Amino acid sequence: MSQDKHSLAGGTNYQVVGTRPPRHDAPDKLTGRALFGPDTKLPGMLYGKMVRSPHAHAHIRSIDTRRAASFPGVYAVVTAQDFRWNEDPGAKLDESAINFAYLQENMLAREKVLYVGHPVAAVAASSNHVAEEAAELVDVQYDVLPAVTDVGAAMRPDAPLLHEHLITQSLSKPGQRPSNVASHFQHVKGDPSQGFAQAEVIVEHEFTTSTVHQGYIEPQACTAWWGLDGNLKVWTTTQGAFGMRDQLAKLLHHPMSSILVIPTEVGGAFGGKLPIFIFLEAVAALLSRKANRPVKMIMTRAEVFLATNPTSGAYLKAKMGATREGRITAVQAELYFEAGAYPSASVIGYFGFAMGFMFAPYDLPHGQIDAYDVVVNKPRTAAYRAPGVTQVNFPAEQLIDELAVKLGMDPIAFRLKNVVHQGSELIDGTSHGSIGAEEVLRAAQSSGHYGSPLQGPHHGRGVAQGYWGNWGAHSSCAISVNGDGTVSLVSGSIDLSGTRTTVAMQAAEVLGLSLERIKSSVGDTDSIGYTEMSGGSRTTFATGIAAITAAQDVVSQMRGRAALLWGVEVQDVSFDQGIFTTHRGGGRQMTFAEVAERLAETGGPVTGRANVDPQGWGGAFGTHIVDVQVDPETGKVDILRYSVVQDVGKAVHPSYVEGQMQGGAVQGIGWALYEGYQYNARGDMLNPGFLDYKIPTALDVPMIETIMVEVPGPNHPFGVRGVGEIPIVPPPAALANAIYRATGVRVTDLPMTPVRILEAMGVI
């Protein structure tokens with residue numbers, strides 16, 4: 001693995017930041033001591049099991065739970081009737097109330113089931129086996145309805161309606177009658193018709209992408225214990241403990257102060273375990289309240305595929321024009337996203353990113369994007385690593401590549417001719433801040449990979465550029481000083497990728513301590529201040545700022561303690577790299593540990609705290625280069641070489657950054673070549689398991705080469721930018737462009753399977 005590094009950080013040398021220490025959680029995870037969601041064990045614990053719909057679309061005529069409730073070993077049975085609902089038919093609900101009702105209905109269906117696997121009831125029993133048997137005894141009578149599982153079918157005028165009262169929400173053209181189109185949003189910049197009139201070369205295509213699952217190793221799991229004192233404790237595998245607590249408080253009409261959410265270790269998430277959508281926790285809590293016992297629920301792998309929240313499939317139309325000199329004049333796109341069973345506000349929410357970021361790497365004078373959120377009989381869709389942007393990057397970067405070919409230009413040179421800089425306006429009206437788009441492209445252009453020869457029949461090299469805007473949001477951190485000079489750091493951010501370590505490294509840099517002297521842990525909702533979910537590439541940036549601020553608070557207090565010991569004013573004490581110094585009285589020094597040893601005689605414990613909501617986070621760019629060989633007889637694609645070039649701001653822990661770059665690229669390769677939900681006409685998923693739902697293995701990808709470009713983020717003390725989302729964005733387009741150069745044909749549907757490649761080549 002190559003690890004070229006272009007540093008633009010002004011030669012700043014840090015003692016801890018930028019090094020590669022071991023992870024705090026490595027020993028526990030390597031030895032199996034780490035506790036994940038399924039590992040929770042409590043006295044008298046019961047086991048919960050969902051009853052799920054076998055139909056993709058049906059009215060629920062009746063639910064009879066009597067046989068299940070009387071089955072030996074069963075302690076509780078719940079249905080949607082155990083939730084409190086708004087029963088006023090004349091009430092005008094706002095958007096928040098409607099989305100809340102959808103959340104409830106997705107957990108336990110009340111009137112209709114809208115996808116295979118939709119929960120309709122749940123049982124709690126003495127063992128998993130008893131729970132499974134009892135679940136089969138719940139008698140649900142259905143009136144089966146026709147199903148639609150793609151946006152094209154769902155948008156037809158005669159399509160069966162999932163929600164009889166759903167009217168398209170749109171600022172430009174609101175719906176007049178019920179429809180499966182939940183919402184429509186639009187961005188316009190300049191005058192697209194004028195821009196296309198100025199174009200001398202125009203390319204346009206239609207594209208499709210499949211529903212894709214995040215593919216995490218650990219299924220959803222939780223344990224709920226609703227005590228007789230009214231306090232609810234929930235152990236769960238989640239990306240956000242506070243968001244989970246807030247959702248449970250609303251769903252259960254229970255005070256937040258009486259709910260404790262304890263996050264367990266998370267065995268993979270990638271957006272699939274956000275607290276915005278709850279699948280088990282509220283149901284487990286209801287079962288626990290009825291049974292007066294703790295209840296554990298764990299999804300099977302099939303349930304994970306059938307009934308969690310994969311990313312959206314999409315139908316996309318895109319058009320781009322340019323002058324013969326290589327300047328892009330206009331773009332236009334129509335984006336139709338699958339919301340799944342319930343409107344997800346995906347266009348303005350998750351897929352609002354898609355609208356804003358689709359053409360974000362390029363300086364465009366004119367453009368228009370229309371996006372639609374369409375309900376279909378599939379599980380409700382949600383985030384998967386750069387949500388919505390991988391889908392739209394697939395057409396955008398193929399059009400860029402096709403224009404470069406038609407104009408006879410090098411693909412990176414064409415991108416450089418149109419690249420954005422600080423101040424460039426995006427199509428959504430926002431402007432780029434300090435960015436490294438050009439630096440990333442130039443690093444890719446000068447890389448050993450791009451400059452290497454590519455020879456042999458049916459070989460091709462593809463390039464694609466991607467962007468993710470990153471995020472800040474609320475984070476909390478507390479740092480307590482121990483008497484031996486070590487410190488204990490508690491943050492509220494769930495650790496998905498080693499952030500316990502990267503957050504602690506930033507505190508260590510401020511405190512002048514080695515990382516070994518910092519114990520870093522993740523707190524529950526009673527032990528630390530409110531912290532947003534771990535997602536959007538925010539944790540090392542935002543929680544890192546919280547740790548830096550808390551560490552500065554510690555230093556300030558410790559300076560006061562040193563001043564007391566020396567009998568000088570606080571302003572006479574300086575601190576640098578773990579050493580307190582005063583020049584009064586002939587000059588003296590004390591180490592951090594020496595001051596810590598004497599806290600008891602100078603006022604007692606020292607704890608630094610910080611609650612932050614950082615703004616001005618820096619978006620970042622990535623350029624991917626891939627070489628492939630395509631077998632013209634079978635359509636099989638072999639990846640020969642793959643490089644990821646990315647602006648990482650400042651790599652706090654370079655090994656973790658490389659891991660994010662490589663992992664995201666591999667997941668993007670899965671999107672490109674293998675992954676996708678398959679359905680029959682009834683709406684049954686045909687591949688709900690890793691045996692039939694193929695993801696890349698070590699045999700499918702080469703070692704991913706990484707090149708880190710460091711353009712410091714403008715609003716972080718060390719220049720940190722988020723790195724986790726960007727690497728999944730360019731791979732499908734980069735591979736499509738490589739396949740074009742190997743075969744001479746463009747494949748516009750994901751995944752680009754051998755059959756689709758042979759069809760494009762006219763072989764079959």
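Would you please name the residue that is nearest to R385 (Cα to Cα), looking only at residues in the stretch 203-221 that are in contact with a Leu (Cβ under 9 Å, 6 or more places away or on another chain) and among the β-branched types (V, I, T)? Once the filter is applied, the top-ranked residue is V212. For L441, the stated conditions do not hold, so it cannot be described as in a helix (DSSP H, G or I) and not assigned by TED's automatic domain parsing to the domain that holds H624. Scanning the stretch 273-308 for residues that are within 17 Å of Y693 (Cβ to Cβ) and either part of a helix (DSSP H, G or I) or modelled with pLDDT under 95 (or both) turns up R301, A302, E303, V304, F305, L306, A307.
Quick one: how many residues across the stretch 501-518 are more than 27 Å from the chain's Cα centre (by Cα) and not small (G, A, S)?
Total satisfying the criteria: 8.
Residue check: is A131 touching a Gly at 6+ places or on another chain (Cβ under 9 Å), part of a helix (DSSP H, G or I) and not assigned by TED's automatic domain parsing to the domain that holds D684?
Details: touching a Gly at 6+ places or on another chain (Cβ under 9 Å): yes; part of a helix (DSSP H, G or I): yes; not assigned by TED's automatic domain parsing to the domain that holds D684: yes.
Yes, satisfied.
Applying the criterion of being in a strand (DSSP E or B) and either of a type outside the set (G, A, S) or in contact with a Gly (Cβ under 7 Å, 6 or more places away or on another chain) (or both) to the residues of the stretch 368-404, the residue that is farthest from N99 (Cα to Cα) is Q368. A search for C-beta distances below 6 Å between a residue of the stretch 658-673 that is within 17 Å of I707 (Cβ to Cβ) and any residue that is surrounded by 24 or more Cβ atoms within 10 Å (Cβ to Cβ) and of a type in the set (S, T, N, Q), counting only pairs 6+ apart in sequence or on different chains, returns E658/T706; M661/Q646; M661/T706. A Cβ distance below 8 Å, combined with a sequence gap of six or more or placement on separate chains, defines the contacts here; from the stretch 554-568, residues that are in contact (Cβ under 8 Å) with a residue 60 or more places away in the chain reach residues that are in a helix (DSSP H, G or I) and of a type outside the set (D, E, K, R) in the pairs V554/L511; M558/F592; M558/V595; M558/A596. Across the stretch 44-89, which residue is nearest to the chain's Cα centre (by Cα) among those that are without any contact (Cβ under 8 Å) to a residue 12 or more places away in the chain and assigned to a loop (DSSP other than H, G, I, E, B)? Per the stated criteria, the residue is E87.
The values are calculated or read from the model by the stated rules, or taken from the named source; none is laboratory data. Bear in mind the structure is a predicted one, so any value in this text is a computation, not a measurement. Glycine also receives a Cβ, built like all others from the backbone with ideal geometry; neighbour counts cover every protein chain displayed.
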